[in-house]
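The values are calculated or read from the model by the stated rules, or taken from the named source; none is laboratory data. These numbers were taken from a predicted model, which means no experiment stands behind them. Please note: Cβ atoms are built from the backbone with ideal geometry, for glycine as well, and neighbour counts cover all protein chains shown. These accessible areas exclude ligands, DNA and RNA; they are computed on the full protein's heavy atoms, side chains included. Shrake-Rupley method; radii C 1.70, N 1.55, O 1.52, S 1.80 Å.
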Amino acid sequence: MIRRGFDTTDVCVMVQKARGIIELPDRQIECEVEVPTLLIDLAEREGIILNVACGGKGTCGGCAVDLLTGKFSNRNGEEISFPQGSPHRVLSCQTILLEGPFRIRVPRYSLVSAGERVVMDFAHAPKVTLRPAVRKEHIKLIKPTMPDQRGIIERIVDELKRRGYQQPIRASVYVARKIDFTLDSERELTVTVANGDLGSHIIRIEQGDTTSSLYGVAVDVGTTTVVVSLVDLNTGKIIDTVSSYNQQITRCDDVASRIAYASNQDGLEQLRELVVESTINRLLGLLQSRHGLSAEDISYMTVAGNTVMTHLLCGISPAGLGGVPFIPVSNFPGPYRADQLHLSINPEARVDLLPSAAGYIGGDITADMLICNLTEQDELTVLVDVGTNAEIVVGNRNRLIACAAPAGPAFEGSGITAGMRASTGAIDSFKLDNIEAEPEYTVIGDTAPVGICGSGLIDFVAQVYRAGIISATGRFTDDAIKRCPRVGKFPDRNGQEALAYEVVSAEQLEDGLAPIIVTERDIATLLQAKGVIFAALQIALKHFGKAVSITEGCFDGIKRFYLAGGFARHVNLDNAVIMGLLPDIDREKYTFIGNGSLAGAYLTLLDEQIRDKLPHITTSLEVIELNLDKDFEEAYTLAMLLPEV
């Protein structure tokens with residue numbers, strides 16, 4: 001049970017058991033566990049996913065819980081003293097349960113909620129011709145005569161050759177073993193064939209005519225969430241879409257911590273199993289049970305994700321992406337057979353992974369570029385995918401410049417005092433009329449607020465700046481300290497006081513322990529994040545040749561500005577401009593494309609010519625390194641300031 005670097009001999013010789021209760025916001029769990037054990041492991045054992053953005057190092061504060069009763073120690077074996085019955089807040093990744101009976105309360109903001117707002121659709125995608133790389137052929141085999149000694153597979157291959165399939169045409173031993181009939185009479189068969197670069201591959205032979213049933217799946221493997229769409233490859237229609245958290249978050253939250261976790265073979269295999277067996281295969285099983293399908297009925301899969309996620313899915317070490325010069329094992333992984341990746345579809349099915357352009361310009365950005373048709377645009381076009389690493393592409397059909405801006409996870413709520421993902425209880429919009437006014441806000445799920453997600457944080461900074469509560473540097477103004485009733489010293493969730501704006505008082509919250517606040521340090525973190533993105537956009541446009549300097553004419557001539565990702569879809573454009581995250585251009589030029597990663601995987605599933613076009617998209621990019629540009633530091637310094645309103 002103890003897996004996170006905790007040695008039981010440090011605190012105890014004999015393993016005993018303890019009974020107790022875990023209090024969640026909506027229910028209680030009675031459990032019995034071997035002790036000593038880390039609380040984070042106890043939570044995982046009971047199916048509770050806590051926010052471990054730091055990978056269990058005790059630095060992010062996301063897995064906080066309240067001890068109510070029981071005996072506990074820290075990792076050093078020092079017993080934690082607190083009044084029994086009174087809540088004592090600790091980090092579950094650093095706290096060890098020693099004896100029961102115990103009672104632990106988990107605040108809502110520490111939970112990775114299943115109610116997270118996940119974008120499973122896409123609002124923008126070009127039309128394509130339906131010509132998937134996998135097809136079904138209805139074949140009639142006549143009863144053989146003595147002079148004709150060809151085998152069943154050879155007869156099928158000869159018929160496929162006659163129909164024009166690319167040679168050589170192969171069938172594996174798995175397919176041969178599935179043939180459970182003899183040619184003692186005429187047979188009607190359906191043969192599923194996958195086209196590839198090196199010929200055609202027979203992946204299934206069925207009796208009868210099953211050509212009306214041909215299915216594939218498009219997969220978006222995100223750092224936080226995984227989305228799977230079941231597609232009818234005869235019509236091109238999406239039948240159903242399901243999503244869940246990428247279960248790798250039970251080990252570590254962000255890309256950097258996963259690279260570190262996968263630095264040894266055991267950690268790499270754990271992360272592979274978590275994304276494949278515990279996430280993708282469970283979603284595949286759900287789709288199959290919903291629609292009466294078997295695993296063998298799914299004949300093709302396409303996958304889009306960032307370079308680290310696709311490496312982990314394949315069980316390939318991402319170690320090279322952990323430091324300069326950020327070189328992956330492969331930018332063009334695959335194609336692979338499903339059984340090589342342990343995926344619960346037809347084991348012979350082809351799996352195509354969308355290629356990457358560079359270590360941090362991954363297959364998800366290739367997908368975004370595909371659906372925005374960037375390689376065919378005549379006018380200056382911009383694509384920004386906002387995430388922990390904000391990827392930016394600028395240019396047109398003649399030249400495309402790309403870069404990755406290390407914005408950090410602030411817009412996902414990480415590193416912010418009351419920050420959280422866009423899940424139930426998150427404040428997702430904020431409005432303030434003036435310095436003395438009461439704020440107005442909305443909460444995802446219409447529940448009691450728990451914290452603030454990215455869109456709410458952008459609104460907050462823009463609105464308090466416009467109201468004169470903070471200055472251009474993000475500091476609270478003297479006027480605000482004197483006149484604004486919500487600016488003052490407030491305790492954070494760890495009991496430390498800080499100068500902050502109180503968004504929601506403690507009395508209005510479920511646990512009543514600490515208010516939802518935004519501190520000056522939080523604002524500084526957000527300004528750093530937006531500064532990196534804005535400066536990166538300026539540098540990319542400079543390299544494209546749009547401006548002589550970063551301050552003159554950078555944004556002139558932009559005809560279309562695409563915003564990708566679930567986060568972007570919920571951003572208030574005016575507030576993002578006031579904050580200085582996005583340029584102040586005609587709002588009509590902005591287009592939200594939704595889940596571009598899923599859309600790109602879907603289009604690749606439908607049209608094999610699009611699949612063949614993907615390498616051209618990635619090789620057309622000129623990838624620049626921001627830290628090597630002499631103007632980036634100046635641009636970043638200026639971009640951290642809030643612009644004039």
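Checking the a/c ratio against 1.5 first, then a/b against b/c, what shape does the Cα gyration tensor give for region 277-349?
It is prolate, given that a/c is not under 1.5 and a/b is the larger ratio.
Please identify the trypsin sites (Lys or Arg not before Pro) of region 65-95 that satisfy two criteria: DSSP loop assignment and at most 11 other Cβ atoms within 10 Å. Which are they?
Here no loop site has a sparse enough neighbourhood.
For Glu510, what accessible surface area do you get with a 1.4 Å probe? Give it in Å², rounded to 10.
Solvent-accessible area, nearest 10 Å²: 110 Å².
Under unit Cβ charges (Lys, Arg +1; Asp, Glu -1), what dipole magnitude, rounded to 20 debye, does region 318-400 have relative to its Cα centre?
240 debye
For region 120-193, run through the trypsin sites (Lys or Arg not before Pro) and keep only the ones in DSSP coil with at most 16 other Cβ atoms within 10 Å of their Cβ. Spell out each step's value before the answer.
Numbers: sites: Lys127, Arg135, Lys136, Lys140, Arg150, Arg155, Lys161, Arg162, Arg163, Arg170, Arg177, Lys178, Arg187; in loops: Lys127, Arg150, Arg163, Lys178.
Qualifying residues, ordered by number: Lys127, Arg150, Arg163, Lys178.
Calculate the spin-label point distance for Arg177 paired with Asn434, positioning each point 7 Å from the Cα along the beta-carbon direction, and give it in nanometres.
7.9 nm
Considering the options Thr225, Ala426, Ile21, tell which one lies farthest towards the positive end of the dipole of the chain, charges being +1 on Lys and Arg and -1 on Asp and Glu at the Cβ, about the Cα centre.
Most positive-ward Cα: Thr225.
Please list Asp556, Asp180 in order of solvent-accessible area, largest first, computed with a 1.4 Å probe with all protein chains present.
Working: Asp556 95, Asp180 125 Å².
Final ranking, largest accessible area leading: Asp180, Asp556.
Name the residue from Gln207, Phe181, Ala390 whose Cα lies farthest towards the positive end of the charge dipole of the chain, charges +1 on Cβ of Lys and Arg and -1 on Cβ of Asp and Glu.
Working it through, the farthest residue towards the positive pole turns out to be Phe181.
Which order do you get for Thr182, Thr424 if you rank them by accessible area with a 1.4 Å probe, largest at the top?
Thr182, Thr424
Picking from Thr604, Asn572, Leu638, whose Cα lies most toward the positive end of the charge dipole for region 530-645 (charges on Cβ: Lys, Arg +1; Asp, Glu -1)?
After comparing all options, I get Thr604.
Can you send over the carbon and sulfur percentage of the accessible area for region 262-408, probe radius 1.4 Å, protein chains only?
47 percent
How much accessible area per residue does the chain have, in Å², with a 1.4 Å probe?
Result: 41 Å² of accessible area for each residue.
Considering only DSSP beta bridges with both partners in the chain, what is the antiparallel share in %, to the nearest 5?
70 percent
Quickly rank 394-407, 260-273 as a protection proxy: mean count of other C-beta atoms within 10 Å, highest first.
394-407, 260-273
Taking the Cα centre of region 353-409 as origin, work out the dipole magnitude from +1 charges on Lys and Arg Cβ and -1 charges on Asp and Glu Cβ, in debye rounded to 20.
Value, rounded to 20: 160 debye.
Straight distance only, please: which lysines reach the Cα of Lys482 with their own Cα at less than 23 Å, same-chain residues fewer than 8 apart left out?
By straight Cα distance, Lys482 reaches Lys431.
Please arrange Ser294, Ser92 by accessible surface area, largest first, computed with a 1.4 Å probe and ligands excluded.
Working: Ser294 50, Ser92 0 Å².
Ranked list, largest accessible area first: Ser294, Ser92.
Give me the dipole magnitude in Debye, nearest 20, for the chain about the Cα centre, with unit charges on the beta carbon: positive for Lys and Arg, negative for Asp and Glu.
Working: 61 positive and 83 negative charges, 247 e Å.
Value, rounded to 20: 1180 debye.
Rounded to the nearest 10 Å², what accessible area does Cys93 show when all protein chains are kept and the probe is 1.4 Å?
0 Å²
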